[in-house]
Each structure stands twice: as structure tokens, then as C-alpha cells.
Amino acid sequence: MIKRKLLDIAKMINGQGLQDKYKDIEINGVSIDTRTIKKNQLFIPIIGETTDGHKYIDTAVDKGAAAVLWDKKTPLPKVDVPLILVEDTTKALQALAKEYNRQLGVKVVGVTGSNGKTSTKDIIHSILNSKYKTHKTSGNFNNEYGLPLTILSMDEDTEMAVLEMGMDGLGDIRLLCQIAPPDIAVITNSTDVHINDLGSVENILKAKMEIAEGVKEEGLLVYFGDSPPLKKAVENLGRNIKKVSFGEGKNNKYLAKFISSTNTGINFKINGKKYFLPMLGRFNIYNGAAAVAVAEYLGFSTEEINKSIQNIDSTGLRNELIKGEHFHLLNDAYKSNPTSLRFALGTLYDLKGYKQKIVVLGDMFGTGKNEVENHLKIGEEIDSNQVDMLFTLGELAKNFAKGAEKNFSKNKIHSFMDLDDLTQALKPNIKKDSVVLIKGSRILKMERILDKIL
């Protein structure tokens, strides 16, 4: 993590007001949250929509903050602590990360997409880390606060950074690219996720393409070539960069072909070369293809790639197969949208050796004006030959149940508004040698079910 004297920190962000007696104090890391702040860190109070971090200065100092950035417009605190004055603490956080990244000279791989960006990030990291000191985004630290904190947590000897770049609206990814300009950019896909925020699939694509505009001159853009709109946008991109596509379509530079699926991973080919990826879900052939494209560009051989991807440090809540005492849970509770839900159901269908399969689905939020129809349609698609019972959580999710009535008897479908009620009904229905898929939008935190039934 960043270790700098306060005088250097002030210079990096053009801060003011640091007293001479404090200039040689060294900070060891950065925090914006007093709940997790550690001794000798630099505390950066963020002014948010609902709270102002400046209010927690006493707590930060009590927990050992070495120094604090301070918004000039906020009255100075009474507590005795080294201060560096800035115009805007959020912009100062971003400026500090940008300069630290520049000083380290790290090669950056930026990854974005409506689905698959976290898994793709994890696969790329596993490959690069086998040869280089490689840092990656932790959890969902992929926004205007999380990405700077990810950068500032890098060690001085970091050589590569695989950074997930998320967005809620237009301009978000552009900002992240300004903080950490990618040498290599990856667009996993562009679907109707975030349509409530951006209003149209056209705007979603425009937002994703900001990473293509932000990649360094003569850098590499890796993109999903099976999407005609994305392919057209890339072809019309007036940039002096290398562009390579991946997908199952024959015109892709990296041609992916699914071979088989097991309960421990998938076998597939990229341009005729065989790979095994220890991640569930045949859709991961796309994430694997994107990672192979990045790795080959950086000089990795097929043998090196295959060996390194056997040790993936996967981010949780995404297609995790968790073993209980007499059954398994397929935990995909991080988020839910039509594309990712269909992928999750496909993964469940591919799992072998179970006597019973149960699906537990929560509301899909943010799918636009057709949200009811989206739920109904997927409910109708659930394969009664593959699924024995369906449990739903939430008002929108009732439409999964309604749609599923087309293929399931009503005694196989159960809808709830309360998670505890659902859990109480679910637990006695789980037979020995069963597998239970759990998936819902992030706000529902459906991973809480695990604690109640495992």
C-alpha cells in the first residue's frame, strides 16, 4: 500500500496548509471509512449524499489516523491532527491514486462489461500473477471511490494491475480511465443491465465504450465480437489501438468453443487449443477467451495459461458451489439480471449427480419498463425436467412463479415476501444429495440464506 511522507502527499495532490512540523510523518495506507481504518493511515473524509465524513474526525484520530485530508470549505476541527487542505476530498482521493499509479509505472488491464467482468478479472489476475507481481480489484471496489482505494492499496513493487471498472451512468468509466489509463481494455459484453439508470441499451453501450476511448494510445482493446452493436461501435472507433474480438462466431480473432462441463469446471477450446477452467458455467468460455487474448498479447504460452488458471482466487457470491452436510448450494447471490440469471440456470442444468434441484430466486431490479414481463418470461423458461422446486422472494419475483405455472404444478412453486419465512419453508424441502441455486439482486442480500440452512 502507499507509504509516503505527508510533504510528498501534499505535493501529489496540490494540497495546502501542512505545517512544517508534520512534513516528515509517513502514512501507511489510506482509508475513507472509520469503521475499518487502521493505525497510521491517511483518513480522507468523503462528503456523500447522506453523510459527511468530516463528522467522524474524532473517531479516525482515536483509531490511529496519522493525518487527514480536509475540505477547505469545512470548518477546521478542534482535534490536534496533521491536516492537508484540499478543494474537494473526493477529487483529492482520485488525484492521489492517479499520481501513485503513475509513479509506480504499473501496467493496467481495465475490465468492464454488463456481465462477467469480475470473473474475467479473476481469470486474468491468476494468469498474470504467475509471472508478475499483480494486484486486482477486491470485491466490488470498482467505482469512483473503490478504484482509487484499490490503486492506493498496491505495494510499491506491483508490476501489473487488473482493475474492474464499473459504472452507474455516462462518464463514470471515463473518469476511472483518467485515474488509471488502461494499457489493455476488456469489454466482456454490453446488455440491458443499468437500463433504469441510462434509459436505453444505446446509452449502456456508449458508457461501456468509454473504456475503449480511455485505453492508452497503441494499447489493446479486447471485446465480445458476438454482439453486433458492440462490434460496430468498435469498428467505428477512431483510435490508434489494436482491437481483437472473442466469441463463438467464426469471424472472431479468439474463437471459443464449449466442449464439456463437470461439477468442478468447464473444458473448452480457444482457436483449437484446449483449456480447463475450474469455474462453473459454460458462459465462462467467453471470460476465458477474453483472458487468453490478454495473456497471449503479453507473451504467455498455452501451457502457462492452462497451468496458471488452475489456481484462480475467485471473488465470492458468484457461481460458488458450497458443500453442506448433505446437499450443495450454488451461490450466485451477488446480483441478478435476465442475462446472468439465464446463465445461472444453465449452470444448474449442467450439474450432474444430484437427486433434486431447487431454485431460489429473488427480485431482479433495474431491468426497465418491462420488468414484470422479464420475470414472467424467465419463469416460463425454467425447465421442469431440470428443476424440482421453485422458491421466490419479493414482489417482482412472484412473476417468476406465475410464469413457471406453465410447466410446474402449483405445489412445486412457493412465493414469499420475507426471507426468514422463505428459509423456514425451504429447509425441510431439501433432500439428501440436492443442489440449491440462490440468486437475486444485490439489495436482497440473499446470501443470508446460507447462514440459515447450512
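The values are calculated or read from the model by the stated rules, or taken from the named source; none is laboratory data. Keep in mind that this is a model prediction, so the values were computed, not measured. Please note: Cβ atoms are built from the backbone with ideal geometry, for glycine as well, and neighbour counts cover all protein chains shown.
For the criterion of being touching a residue at least 12 places away in the same chain (Cβ under 8 Å), in contact with a strand residue (DSSP E or B) (Cβ under 6 Å, 6 or more places away or on another chain) and part of a loop (DSSP other than H, G, I, E, B), ILE84 fails. If the condition is being of a type in the set (Gly, Ala, Ser) and at pLDDT 85 or above, then segment 186-239 contributes ALA207, ALA212, GLY214, GLY219, GLY225, SER227, ALA233, GLY238.
Of the strands (runs of 3 or more DSSP E) contained entirely in segment 336-454, those carrying at least 2 residues that are without any contact (Cβ under 8 Å) to a residue 40 or more places away in the chain fall at 389-393, 413-416. Counting the residues of segment 13-36 that are within 24 Å of ASN143 (Cα to Cα) and over 31 Å from the mean Cα position of the chain (by Cα) gives 2. Criterion applied to SER200, SER245 was being among the polar types (S, T, N, Q), surrounded by 21 or more Cβ atoms within 10 Å (Cβ to Cβ), outside the structural domain of PRO338 (by TED's automatic domain parsing) and more than 30 Å from ILE46 (Cβ to Cβ), and the one residue passing it is SER245.
In this structure, does THR90 turn out to be more than 25 Å from ARG318 (Cβ to Cβ), in a helix (DSSP H, G or I) and at pLDDT 95 or above?
Details: more than 25 Å from ARG318 (Cβ to Cβ): yes; in a helix (DSSP H, G or I): yes; at pLDDT 95 or above: yes.
Yes.
Between LYS406, LYS410, LYS427, the distinction of being within 18 Å of GLU325 (Cβ to Cβ), more than 29 Å from the chain's Cα centre (by Cα), surrounded by fewer than 14 Cβ atoms within 10 Å (Cβ to Cβ) and not polar (S, T, N, Q) belongs to LYS427 only. Where helices (runs of 4 or more DSSP H) fall entirely within segment 163-257, those with at least 2 residues that are over 17 Å from the mean Cα position of the chain (by Cα) and more than 29 Å from LYS369 (Cα to Cα) are at 172-179, 210-214.
Matching residues to (1) surrounded by fewer than 18 Cβ atoms within 10 Å (Cβ to Cβ); (2) outside any helix (DSSP H, G or I); (3) more than 23 Å from the chain's Cα centre (by Cα); (4) touching a residue at least 12 places away in the same chain (Cβ under 8 Å):
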position	(1), (2), (3), (4)
LYS38	yes, yes, yes, yes
THR50	yes, yes, yes, no
LYS55	yes, no, yes, no
VAL61	no, no, yes, yes
LYS78	yes, yes, yes, no
ASP122	no, no, no, yes
SER126	no, no, no, yes
MET154	no, yes, no, yes
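Answer yes or no as to whether THR34 is in contact with a helix residue (DSSP H, G or I) (Cβ under 6 Å, 6 or more places away or on another chain) and among the hydroxyl-bearing types (Ser, Thr, Tyr). It is true that THR34 is in contact with a helix residue (DSSP H, G or I) (Cβ under 6 Å, 6 or more places away or on another chain) and among the hydroxyl-bearing types (Ser, Thr, Tyr).
Only residues that are in contact with a Lys or Arg (Cβ under 7 Å, 6 or more places away or on another chain) and surrounded by 19 or more Cβ atoms within 10 Å (Cβ to Cβ): list them for segment 13-30, please.
Within segment 13-30, the subset in contact with a Lys or Arg (Cβ under 7 Å, 6 or more places away or on another chain) is 23-29.
ILE27, the sole residue that qualifies.
Taking the listed residues ASN306, ASN287, ASN331, the one that is of a type in the set (S, T, N, Q), under 22 Å from the mean Cα position of the chain (by Cα) and in the same structural domain as ALA185 (by TED's automatic domain parsing) is ASN287, with no other qualifying.
Condition check: under 24 Å from the mean Cα position of the chain (by Cα) and either buried (at least 17 other Cβ atoms within 10 Å of the Cβ) or not β-branched (Val, Ile, Thr) (or both). Does LYS352 satisfy that?
Details: under 24 Å from the mean Cα position of the chain (by Cα): no; either buried (at least 17 other Cβ atoms within 10 Å of the Cβ) or not β-branched (Val, Ile, Thr) (or both): yes.
No; evaluated as a whole, the condition is false for this residue.
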